[in-house]
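First the structure, in the form of C-alpha cells, and then the observations on it.
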Amino acid sequence: VTGGHHVNGLELDLSRRSMVWSYPRYDDFIIHEVTLTNFDLTSVENLYFGMRYGVRLTQRSGTRGDEKYGWDESNRMFYFYDHQSFRFEDEVPVQWSNGVGPERGDIGDARDIWEAGTRQHELDAAGYFTVIVLDSAGGNVFQNILEHVGQGVTEGAPREDVMFIQGVDPPARFKEVMTHQQPRMSWDEARQAGGEGGNKYERRPEFLVTVGPLTLSPFESKRLVFAEVMGEMDRAKIVEGGVENIDLMAQASLDSLRRNVASARELFTNNYQPLYHPPMTPTNGENSLELTADAGQVTIEWPPVPETYVDPLTRQNDFAGYRIYRSTYFTIGPWTLVADIPKAEAEIVDGMVRYVDGDLPNGVGNYYCITSYDTDGYESGKVNRNRFPVYPLRAPNQNFPREVYVVPNPFRQNSGLYGQGEGNRIEFIGIPGKCIIKIYTLMGEVVQELVHDDGSGSAAWGSILSLNYQLNKWALGIAPGVYIFMVESRVPGHESEKHIGKFAIIK
C-alpha cells in the first residue's frame, strides 16, 4: 500500500509504502517505509518525524484503558499487553464473578467473564504489540509513552504524559514531547520506583516513536523504516482460554513477539528477500477455494501448482504436496490438519485438485484453507480460507410431514455450538428439499418466513453471513417464549403436505 502528501511551508514531500508478507515466518508484522524529500532550494534542518499509536489490544471486549507496558533491553523496545481493568478514580481493580474473573480478572479479556455458563472462553486480547525502527537515516530514536485521550483532554496527567495538541501548542512543545525518552523500565517497575511513569494515565497509552534530528539538503531524500509487530501464543490455547493459558500468555506471547521482531529485522537486513520460498499458494484471498456441500461431506477444489513452478532461490521445482486444514470455530482457526496429500497422490478432476472431506457432523459449520509445501518442509501461508462457514447437507426427509424437528428445542440461552457466532443458531431438520417455513407467535402473528430451496433436509433461522440469527421480519431480535412453526412443502406433487410444530426460546 502506498500513499503520500505535500507538507506546505516546508516544500517537503512525504510518502509511505506499507508492506506485509504471507509466509508463516514473516506474517505477523507490517513494515512502513517513510520517504521524506526536500523540494526546496534551501536545506531543511532539525526535522523530526514520529509515528503515534493509541494502544488498545482489542476492540471487541467491553473493557479498555487497562494496558500495561514492558521494556525489552535486548531489543531496546517497549511492548504493550492487556492487563486487569480498574476504577480510574481510585485504581481499585474491577471484580468479576464469572468464568476466570474471580481468579484472573479480565487479563487477556476472556469472554467467559461476561456471562455465566457460556461456552466461549477465548482470550480476546492475547497479543503483545510493539513498534521498532529498522532504519533511522542517522537520526536518534525516541520512545515516549503518554496518555491517550483521543478527542478529549487529560484528567490530570503529569506534563510528561500529556500529548501535544495540534493548532494549540507551540513548536517547542511538539519538540519537547517528540524528543522525550520514556524511562527504560516496565510499567510495574516504574510504579515501584516512584518516579516518572507507572501511573494510571499510562494504562491507556499512546506510544510515540520519533526519529531525528534530520537534515535534508535541497532535493535530497531520506528513508525511515518502522515496523509494527504483534506476537501471540498458539491460537488453540487462546480459544481454549482458562487460568492456565492466561498465565502462559505472559511468556508465550512475549516469546512470539520477540521472534517476530527478529524476523522483521532479518527481512529488512536482507533487502526484503526471504531466506526461503515455499511453493506458491494454491489460491489467494478469502473465499477463493471452491467448496461444495453435500450429504455429510464437503468437496474442496483448487487449481494445481503448475508443472512450470520453480523455487525463486533454488531454481528447482521442489513442490512436494498440499495440506488441507479445517476449523469448526472461526475463519482464522484454530486449525486441524485434515489431510496431507503428496504431489503424486493428488486427485485431478477437470483440471482441479479435488478432496472430499467426509463423515462430517450435521449442523456444524466448517472453515477450510489449503497450503502447499516443498521438499524442505517450507509451507505457504494460510491465505485462502472461506470467510463464512460451509455446512454439510442433510438428505431431504422422505417421510415428510413426519419426523420434523427444531434443534435445539428448547433453546436455552445458547445453541451449544462451538463455532464463533453460532450461539443463536436454530435449525429446522427433517424438512423437504423445497419448502416454506413460517414462524408464528401463539397469537398467530407471523414472526418470520423462511424460503428453503437448496434441496437439503435442513434450514437455519438466519446465518452468520447475514447476521440475522433469530431475527423477525423487521430485523429485530425475538423475545423469549413459545412459538409455532409450519413447514409447507413446495416439492412438485407434494404441495399440499404440511407439518405444524412448536418450539421454545428461553433467554
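The values are calculated or read from the model by the stated rules, or taken from the named source; none is laboratory data. If you're wondering where the values come from, they're calculated on a predicted model, not measured in any experiment. Cβ placement follows ideal geometry from the backbone for every residue including glycine, while neighbour counts extend to all protein chains displayed.
Within the range 381-404, being under 21 Å from Ser327 (Cβ atoms) and either among the aromatic types (Phe, Trp, Tyr) or under 19 Å from the mean Cα position of the chain (by Cα) (or both) holds for Gly381, Lys382, Val383, Asn384, Arg385, Asn386, Arg387, Phe388, Pro389, Tyr391. If you go through the range 10-31 one residue at a time, do you hit one that is closer than 17 Å to Met230 by Cα, in the same structural domain as Val243 (by TED's automatic domain parsing) and in contact with a Lys or Arg (Cβ under 6 Å, 6 or more places away or on another chain)? Looking for residues that are closer than 17 Å to Met230 by Cα, in the same structural domain as Val243 (by TED's automatic domain parsing) and in contact with a Lys or Arg (Cβ under 6 Å, 6 or more places away or on another chain), one finds none in the range 10-31, hence no. State yes or no: is Glu228 outside any helix (DSSP H, G or I) and either modelled with pLDDT under 95 or of a type in the set (D, E, K, R) (or both)? It is true that Glu228 is outside any helix (DSSP H, G or I) and either modelled with pLDDT under 95 or of a type in the set (D, E, K, R) (or both). Please verify whether the range 439-450 includes one or more residues that are at negative phi, acidic (Asp, Glu) and part of a strand (DSSP E or B). Yes; the residues of the range 439-450 include at least one that is at negative phi, acidic (Asp, Glu) and part of a strand (DSSP E or B).
Residues in the range 376-418 that are of a type in the set (A, V, I, L, M) and under 22 Å from Val298 (Cβ atoms): Val383, Val390, Leu393, Ala395, Val407, Leu417. Ala252 passes every criterion in (1) crowded, with 17+ Cβ neighbours inside 10 Å; (2) in contact (Cβ under 8 Å) with a residue 24 or more places away in the chain; (3) under 30 Å from Tyr81 (Cβ atoms); (4) in contact with a helix residue (DSSP H, G or I) (Cβ under 9 Å, 6 or more places away or on another chain) apart from (2).
Gly351 fulfils the conditions (1) of a type outside the set (Phe, Trp, Tyr); (2) on the phi > 0 side of the Ramachandran plot; (3) buried (at least 20 other Cβ atoms within 10 Å of the Cβ) except for a single criterion, (3). Taking the conditions exactly as written (in a loop (DSSP other than H, G, I, E, B) and either surrounded by 20 or more Cβ atoms within 10 Å (Cβ to Cβ) or in contact with a His (Cβ under 9 Å, 6 or more places away or on another chain) (or both)), does Tyr368 satisfy them or not? No, not satisfied. Counting the residues of the range 167-187 that are surrounded by 14 or more Cβ atoms within 10 Å (Cβ to Cβ), outside any loop (DSSP other than H, G, I, E, B) and either not assigned by TED's automatic domain parsing to the domain that holds Asn75 or not β-branched (Val, Ile, Thr) (or both) gives 6.
Checking the condition under 21 Å from Asn271 (Cβ atoms), of a type in the set (Lys, Arg) and either surrounded by 18 or more Cβ atoms within 10 Å (Cβ to Cβ) or modelled with pLDDT under 95 (or both), which residue from Arg60, Arg16, Arg25 passes? Sole residue among the options that is under 21 Å from Asn271 (Cβ atoms), of a type in the set (Lys, Arg) and either surrounded by 18 or more Cβ atoms within 10 Å (Cβ to Cβ) or modelled with pLDDT under 95 (or both): Arg25. Residues in the range 62-109 that are assigned to a strand (DSSP E or B), more than 24 Å from Val261 (Cα to Cα) and not hydrophobic (A, V, I, L, M, F, W, C): 1 in all. Looking only at residues that are in a strand (DSSP E or B) and over 20 Å from Tyr309 (Cβ atoms) in the range 327-354, which one is farthest from the chain's Cα centre (by Cα)? Only one residue fits best here, namely Val349.
Being among the charged types (D, E, K, R) and within 17 Å of Pro392 (Cα to Cα) holds for only one residue in Arg326, Arg315, and it is Arg326.
The single condition among (1) touching a His at 6+ places or on another chain (Cβ under 8 Å); (2) without any contact (Cβ under 8 Å) to a residue 60 or more places away in the chain that Asp66 does not meet is (2). Set side by side, the residues Ser253, Ser217 differ, and just one is of a type in the set (Ser, Thr, Tyr), under 30 Å from Gly150 (Cα atoms) and in the same structural domain as Gln120 (by TED's automatic domain parsing), which is Ser253.
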